[in-house]
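The values are calculated or read from the model by the stated rules, or taken from the named source; none is laboratory data. Keep in mind that this is a model prediction, so the values were computed, not measured. Here the Cβ positions follow ideal geometry from the backbone for every residue, glycine too, while neighbour counts run over all protein chains shown. Side chains are part of the model used for accessible areas, which takes the heavy atoms of the whole protein and leaves out ligands, DNA and RNA. Shrake-Rupley method; radii C 1.70, N 1.55, O 1.52, S 1.80 Å.
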Amino acid sequence: METGRKRDGAALIALDWGTSSLRGFLMDGAGTVLEQRANAHGIQNLPQPGLPGFEQAFAELCGDWLAGNPDIPVVAGGMVGSAQGWVEAPYVACPADTGTLAGHAIAVDSAAGVRILIAPGVTYAPPDAPPDILRGEEIQIAGVLADRPDWAREACMVLPGTHSKWVQIQDGRMTRFATYMTGELFAVLTKHSILGRLMPADAEIEAGADADARDAAFADGVRAAQASGPGDLTHQIFAARTLGITRRMAPDLLKDFLSGLLIGHEMVSGLTRMGAALGSGRPLLLIGDGMLCRRYVQGLALLGIEPTARLENTAPKGLFQFAIAAGLIAPPAGKDTHV
C-alpha cells in the first residue's frame with residue numbers, strides 16, 4: 001500500500017461503486033467532500049478477474065487515503081453489493097429507509113485488513129405484481145432526503161438512466177417504486193436494430209443538427225407517446241425508421257424522436273403509477289445527469305408537469321448518512337438524522 005499523508009479532518013471514505021465506474025470520496029465529519037477520485041474499474045471492468053480485481057481496484061483508488069488515515073471507516077454502495085460484486089448484500093424489502101439499509105449492511109474485510117461496510121439494495125414485491133429492485137439509487141435517495149424533512153414526508157423521485165426509477169417516499173421511507181428500461185432500450189434500438197441504420201453517429205448529429213430542431217423532434221416523440229393507446233409502443237417505434245425513409249424527418253433528428261417516444265412512454269406510465277403521490281402539490285424530484293435530466297424536464301413540461309427540483313450527484317451525502325446510521329461516525333452537531 002502506498003505511503004499516505006494524513007488529511008486533517010478526514011472522517012470517512014465513501015465509495016460509489018457501480019457497473020462501469022468506481023468513485024471515491026474522502027469526507028470530513030460534517031459530510032464535506034475533501035477529495036474525490038474516479039476510474040473505470042466498475043464491477044464489470046475490474047483490473048483483474050474475481051476477488052483480486054476488487055482488492056486491486058480498491059487499493060489503487062484509496063491506498064494513500066488509507067495509509068494516511070489508517071483507522072478511517074469505509075462504506076460503499078451500488079453494484080459492489082450485488083451477486084456479481086465483492087460480496088452480496090441481499091435486498092431489503094420496502095418500506096425502507098437509511099436505518100433499514102444500515103441494519104442489513106454486509107461487511108467485507110480487504111486483504112489489507114480494512115473493513116468495508118456495503119449497503120444493500122431494495123426490493124418492492126407486491127403480491128399482485130412482479131417484483132422490482134433497485135441498487136445504488138437508495139443511496140442517492142438518502143442523500144436527497146438528508147437535509148429536506150419536507151421532501152422526506154412525502155415525495156416522488158425520478159432517477160433517469162439506463163434503468164430509470166420512479167420512487168414514492170412517505171415518512172422518510174421508500175414505499176414503492178417502478179423501473180423502466182428506457183436507456184437500455186434506446187441503446188439496443190439505436191445500436192443493434194434496423195432503426196440505427198438511418199441514424200448518423202452522435203458526433204455527426206452534434207455537429208450538424210440544429211438544437212431547436214432536435215428539441216422539436218424530441219417533443220414529437222413525447223406527444224406521440226402521450227396520444228398512444230394500449231400496446232402502441234412497438235408500432236410507434238417503427239416510425240423512427242419510416243419518418244427517415246419517407247424523408248419527413250432528417251436523419252440527424254431520428255434519435256431525438258426515438259428518445260422522446262421512449263421517455264414519453266415512461267413518463268406517461270410513471271405519472272399514472274405515482275398519481276396519488278403527486279396530488280396536492282407533492283414534490284416531484286429529478287435526480288441524475290444534467291443532460292439527461294434536461295430531457296426529462298422538457299418532456300414533463302409537455303405533459304404539463306414542472307419538477308420541484310433537479311439534483312445531480314447525491315451519492316456522497318447518501319453514503320455519509322448511511323455511515324451515520326451504521327454508527328461508524330457521529331452525526332454533525334445540530335443535524336437531524338431521522339432519515
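Would you pick out the residues in region 34-58 that are farther than 15 Å from VAL74 by Cβ and outside any loop (DSSP other than H, G, I, E, B)? Steps first, please.
Kept after step one, since they are farther than 15 Å from VAL74 by Cβ, are these residues of region 34-58: 38-53, 56.
ALA38, ASN39, GLY50, LEU51, PRO52, GLY53, GLN56, listed by residue number.
Is it the case that ALA40 is without any contact (Cβ under 8 Å) to a residue 40 or more places away in the chain, over 20 Å from ALA146 (Cβ atoms) and in contact with a strand residue (DSSP E or B) (Cβ under 7 Å, 6 or more places away or on another chain)? Before the answer, list the steps.
Working: without any contact (Cβ under 8 Å) to a residue 40 or more places away in the chain: yes; over 20 Å from ALA146 (Cβ atoms): yes; in contact with a strand residue (DSSP E or B) (Cβ under 7 Å, 6 or more places away or on another chain): no.
The answer is no for ALA40.
Got a number for residues in region 265-289 being open to solvent by 30 Å² or more (accessible area, probe 1.4 Å), part of a loop (DSSP other than H, G, I, E, B) and in contact with a strand residue (DSSP E or B) (Cβ under 9 Å, 6 or more places away or on another chain)?
Looking only at that region, the number is 1.
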Legend entry - Residue among LEU319, LEU311, LEU292, LEU262 that is within 17 Å of the chain's Cα centre (by Cα), crowded, with 21+ Cβ neighbours inside 10 Å and not β-branched (Val, Ile, Thr): LEU319
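Every residue, every condition in (1) open to solvent by 30 Å² or more (accessible area, probe 1.4 Å); (2) under 28 Å from SER269 (Cα atoms); (3) without any contact (Cβ under 8 Å) to a residue 40 or more places away in the chain, yes or no:
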residue: THR100; (1), (2), (3): yes, no, no
residue: TRP151; (1), (2), (3): no, yes, no
residue: VAL158; (1), (2), (3): no, yes, no
residue: THR162; (1), (2), (3): yes, yes, yes
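Please enumerate the residues belonging to region 295-304 that are outside any helix (DSSP H, G or I) and either surrounded by 15 or more Cβ atoms within 10 Å (Cβ to Cβ) or touching a residue at least 40 places away in the same chain (Cβ under 8 Å) (or both). Talk me through it step by step, then tell me what you get.
Here is the first cut: in region 295-304, the residues outside any helix (DSSP H, G or I) are 303-304.
Result: LEU303, single match.
Take region 145-171 and flag every residue that is part of a strand (DSSP E or B) and closer than 29 Å to SER20 by Cα.
Quick first cut of region 145-171, residues part of a strand (DSSP E or B) only: 154-159, 164-170.
Hits for region 145-171 are CYS156, MET157, VAL158, LEU159, SER164, LYS165, TRP166, VAL167, GLN168, ILE169.
Of all residues in region 102-117 being part of a strand (DSSP E or B) and without any contact (Cβ under 8 Å) to a residue 24 or more places away in the chain, which is surrounded by the most Cβ atoms within 10 Å (Cβ to Cβ)?
Here is the first cut: in region 102-117, the residues part of a strand (DSSP E or B) are 106-109, 115-117.
Still in the list and also without any contact (Cβ under 8 Å) to a residue 24 or more places away in the chain: 107-109.
Numbers: ALA107: 13, VAL108: 21, ASP109: 10.
The extreme case among them is VAL108.
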Legend entry - Breaking point among (1) open to solvent by 50 Å² or more (accessible area, probe 1.4 Å); (2) closer than 24 Å to GLU312 by Cα; (3) not small (Gly, Ala, Ser), for ASP132: (1)
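Look through LEU26, LEU46, LEU61, LEU15 and report the one residue that is under 27 Å from ILE141 (Cα atoms) and without any contact (Cβ under 8 Å) to a residue 12 or more places away in the chain. First the steps, then the outcome.
Values: LEU26 fails: without any contact (Cβ under 8 Å) to a residue 12 or more places away in the chain; LEU61 fails: without any contact (Cβ under 8 Å) to a residue 12 or more places away in the chain; LEU15 fails: without any contact (Cβ under 8 Å) to a residue 12 or more places away in the chain.
Within the list LEU26, LEU46, LEU61, LEU15, the selection yields LEU46.
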Inset, instruction - With respect to SER280, determine if the residue is closer than 20 Å to THR162 by Cα and among the hydroxyl-bearing types (Ser, Thr, Tyr). - result: no
Legend entry - Residue match in region 178-194 (condition: more than 26 Å from the chain's Cα centre (by Cα), in contact (Cβ under 8 Å) with a residue 24 or more places away in the chain and open to solvent by 50 Å² or more (accessible area, probe 1.4 Å)): yes
Inset, instruction - Would you be able to say whether some residue in region 219-226 is part of a helix (DSSP H, G or I), without any contact (Cβ under 8 Å) to a residue 40 or more places away in the chain and surrounded by fewer than 18 Cβ atoms within 10 Å (Cβ to Cβ)? - result: no
Inset, instruction - Of all residues in region 34-67, count the ones that are exposed (fewer than 14 other Cβ atoms within 10 Å of the Cβ) and over 24 Å from GLY9 (Cβ atoms). - result: 6
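Kindly provide the set of residues from region 13-33 that are in a loop (DSSP other than H, G, I, E, B) and either surrounded by 18 or more Cβ atoms within 10 Å (Cβ to Cβ) or in contact with a Pro (Cβ under 7 Å, 6 or more places away or on another chain) (or both), ordered by number. Working first, answer last.
Of the residues in region 13-33, the ones in a loop (DSSP other than H, G, I, E, B) are 18-21, 29-32.
The answer is GLY18, GLY29, ALA30, GLY31.
Got a sec? Which of ALA89, ALA142 is assigned to a loop (DSSP other than H, G, I, E, B), open to solvent by less than 10 Å² (accessible area, probe 1.4 Å) and modelled with pLDDT of 95 or more? Give the derivation first.
Working: ALA142 fails: assigned to a loop (DSSP other than H, G, I, E, B).
Of the residues listed, the single one that is assigned to a loop (DSSP other than H, G, I, E, B), open to solvent by less than 10 Å² (accessible area, probe 1.4 Å) and modelled with pLDDT of 95 or more is ALA89.
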Inset, instruction - Six or more apart or on different chains, Cβ under 8 Å: which pairs go from a residue in region 243-262 that's hydroxyl-bearing (Ser, Thr, Tyr) to one that's buried (at least 20 other Cβ atoms within 10 Å of the Cβ)? Could you list them? - result: SER259/PHE218; SER259/GLY221
Inset, instruction - Test GLY208 against the criterion of being open to solvent by 20 Å² or more (accessible area, probe 1.4 Å) and either farther than 30 Å from GLU138 by Cα or more than 26 Å from the chain's Cα centre (by Cα) (or both), and give yes or no. - result: yes
